[in-house]
Every structure is written in structure tokens, then in C-alpha cells.
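Here's the structure we're looking at; comments come further down.
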Amino acid sequence: MSPRIVAVVPAFEEEAAIGAVVSEIHDFDPGIDVVVVDDGSRDETTEAAVAAGAVVVRLPFNLGIGAAVQTGFRYALEQDYDVAVRLDGDGQHDATELPKLLAPLERGEADVVTGSRFRDENGGYRPPLGRRLGITWFAKLVSLLSRQRVTDTTSGFQALNRPAIALFARDYPSDYPEVEATVLLLKHRLRLLEVPVEMRERETGSSSITFLASLYYAVKVTLALFVGIARRSAVPNEEAQR
Amino acid sequence: MTPVRISIAAAIGSVLLLLIVLELIRGRRLKERYALLWLATGVVLLVLSIWRGGLNTIAGWLGVTSYPPAVLFAVATLFIFLVLLHYSTVISRLTDENVDLAQRIALLEERLSRERPPPREG
């Protein structure tokens, strides 16, 4: 029997893009259920997602990306899915790239597979200098901490198996979660694998990260990384590995 | 030595703080667990303002020779920092609980909407 897959799509005020994102996933594989987590949008994000045929979990107010994504993982755990894939609600993640993420998971080679924009040397993605510096800094830091090569710690294009879903449903970092989540995975001895993928330019909306926010992001996440190593974990290792 | 007037003023201030905190607890506007640090602040400041010899001795240990009442300010400041830090931990916990509640509500609402059509708003 093939695994039951759910696509978790966090969306905050993405009424223009969300419908296409949901349809694209369904077009790619009608067997994948799509759950859109509407993070307290004031626009018609929920209506657009429902119209496109997604299940919508609507947060009563804006919780931020980390808690929105975690809501999706809680849904996946509750509904007993085997695999969760995470795509952004703005359409930058291409559903036709999903097999690259799913294949290593099905072969049991990893617990979490992340799509990296930088793994492929001739990939087209060139972020602005400031962001590139930040991404490089965290990639080096996480690579050092995890003793494996990690190139894209900010990618939200991921596939997770059951143990990883269970872990993230219980404990997931709040804002700018991806870097910390990587460390969390390694602490719980879950295996992380990066595969090269291509991502699109954002279709609508603007990136949630502005300059001041980037600075806060860099400081906060660096602090979280170093403290995180020593921090008590919310979930005992054995439970997460179940 | 500490001027007597400063000791009296500090003692009155500490007693006022204690009375206000006790009254807030009595009126159920302040939970005991959040009042404990304030009560400790009031008691310590009261003891240091009445027990003049003690304040001078502590000032001597700390090398505050010219003006012992400075120790009163230092102790008061320390306690205010402790109270604020305590509040930061409380806010952090409330934030986590708030997120958990919002997520549960959203998941329950989704489940409910599948079992029966959503009620009309308005």
C-alpha cells in the first residue's frame, strides 16, 4: 500500500496565490491531501483554499510561520498520515519537484528531506547579498553543529516521515523556524537529507523578511542555536523515535 | 550613619507597598503566586529600613562608606529586576499556552465543520 501523504501549506494573506498552489499539488498527484493553515489572514485566503479543494485549518489570529506550520503537523499526526510535505503558500515551491523529496523518504534513507536551492551549483537562485550572507552563516553553523553538509537552512520545502511529524507536532520553533528545527532534528537523532531542487521566484506578496527583521532573525536564531543545544527537549528522544 | 528621616520614609514606603499588595490579593486582583516576590520585596526593604545597624553593616561589607542608604536603593533595584524577569518567564509561558490553545481551536473547528455544516455568521 502506498503511504498516505498530506501537503501542509501555511498561508498568511495569500488569497491571490493559494488557489494555484493547491490546484498544482492536486494536479501533480490527486492522492495527496492538502491542508492549508490560514494563519489569521484578513483576506479571502481561506475561501480561496476551500474553493481549490483544500482542507483549511484556520487559526483564530496570526501566530507566525512556526506555529502555523506546527498546526499542519499536528493535523498530520491527528489524521495519522505517513508522510507530510511542506510547501509555502506563496507558490515558490514547485509541486512537480516533490518526487525528489519523497523518494529518499520512501527508501528509508532519511526522516526529513529538505529541498535545497544551493545544493545544485548551477541552480538559478541568487538571493540578495544580505540574505546570502545570513544563509551562508547559518549553513556553516548548522553544518558544524550537525557534522554534515547543510547548504540551505532556510528552506521550507520539506518532506517528513512519522517520527519527524510526531516530533514537530509537539515541539517546533516559533518565528523563523527552519534553522532551529534542523538542530532539533539532530538532537533527536532523526536523519536529515538535502536534495537539490529548483524554486520559483515569489509570485505574489513580498518576502516576510525585511532588513530589521533579518537582523533580529540572525541574532535570535544564533542565540537559539547555541542555547538550543543545551536546552531541555520538550520530547524525550525515545518518544520522538517511536 | 543613615539619616533617621530616610529610615522613616523608607519604612513608610515599604509598609505602603505591603499593604497595597495584601489588599490586591484580598480583592482577588492579584494571584498569590505573582504576589510572593512583591511581598518579599516589601519585607526585605522594611527590615533594612527599620534595622539601621544592619543596613550600616551591610553597607560596610560592600564598601559603601559615605552613604549607607544607597544600599536600600540597590536592594530595591535588584528586587525590581527579579520581578521583571519573573514576569518575562510568565509571559513566555502564557505565549506558549496561547499558541497551543489557538492551534487546538483551529483543529477542532476544522473537525467540527466536517461533521456538520458551519453555522452562518452574523
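A simple rule links phi to the HN-Hα coupling: the Karplus curve 6.51 cos²θ - 1.76 cosθ + 1.60 with θ = phi - 60°, which for the range A:52-68 gives 7, x, 8, 7, 10, 9, 9, 6, x, 8, 6, 9, x, 4, x, 5, 5 Hz, with x for Gly and Pro. Amide hydrogen proximity for A:V34: with H placed 1.01 Å from N in the peptide plane, the residues at 5 or more positions away or on another chain lying under 5 Å are A:A7, A:V55.
Where only DSSP H runs of four or more residues are counted, chain A gives -13000 deg cm²/dmol as its mean residue ellipticity at 222 nm, each run worth -39500 (n - 2.57). Based only on Cα atoms, what mean projected area does the convex hull of the protein assembly as shown have, in nm²? With every direction weighted equally, the projected area is 25.5 nm². Residues in the range A:97-112 carry Karplus couplings, in order, of 8, 4, x, 4, 7, 7, 4, x, 5, 5, 7, x, 7, 7, 9, 9 Hz; the curve used is 6.51 cos²θ - 1.76 cosθ + 1.60 with θ = phi - 60°, and Gly or Pro positions show x.
Our note on the geometry: Cα centres of the range A:11-36 and the range A:89-119, 16 Å apart.
How tilted is helix B:52-62 with respect to the longest principal axis of chain B? Cα atoms for both, answer in degrees (0 to 90, nearest 10). Around 80 degrees separate the two axes.
Two numbers describe the Cα atoms of the range B:4-115: Rg and Dmax, which are 21.6, 76 Å.
Relative contact order of chain A: 22 percent, from C-alpha pairs under 8 Å at least 6 residues apart in sequence.
Here chain A is scanned for GluC sites (Glu not before Pro) in DSSP loops (not H, G, I, E, B) that have at most 11 other Cβ atoms within 10 Å, and the longest stretch holding none of them is A:1-108. Projected onto the charge dipole of the range B:4-115 (+1 at Lys/Arg Cβ, -1 at Asp/Glu Cβ, origin at the Cα centre), which of B:L94, B:A40, B:A9 gives the Cα projection farthest towards the positive end? Result: B:A9, furthest along the dipole toward the positive end.
Percent antiparallel among DSSP beta bridges with both residues in the range A:5-241, to the nearest 5?
Around 25 percent of the beta bridges assigned by DSSP in the range A:5-241 are antiparallel ones.
Sequence-distant contacts, meaning Cα pairs under 8 Å at least 6 residues apart, place the relative contact order of chain B at 24 percent. Computed per residue of chain B from DSSP H runs no shorter than four, each worth -39500 (n - 2.57), the mean residue ellipticity at 222 nm is -29000 deg cm²/dmol.
Any read-out appearing in this document is the output of simple, stated calculations on the displayed coordinates, not a laboratory observation. These numbers were taken from a predicted model, which means no experiment stands behind them. Cβ coordinates were reconstructed from backbone atoms using ideal geometry, including for glycine residues, and neighbour counts include every protein chain displayed.
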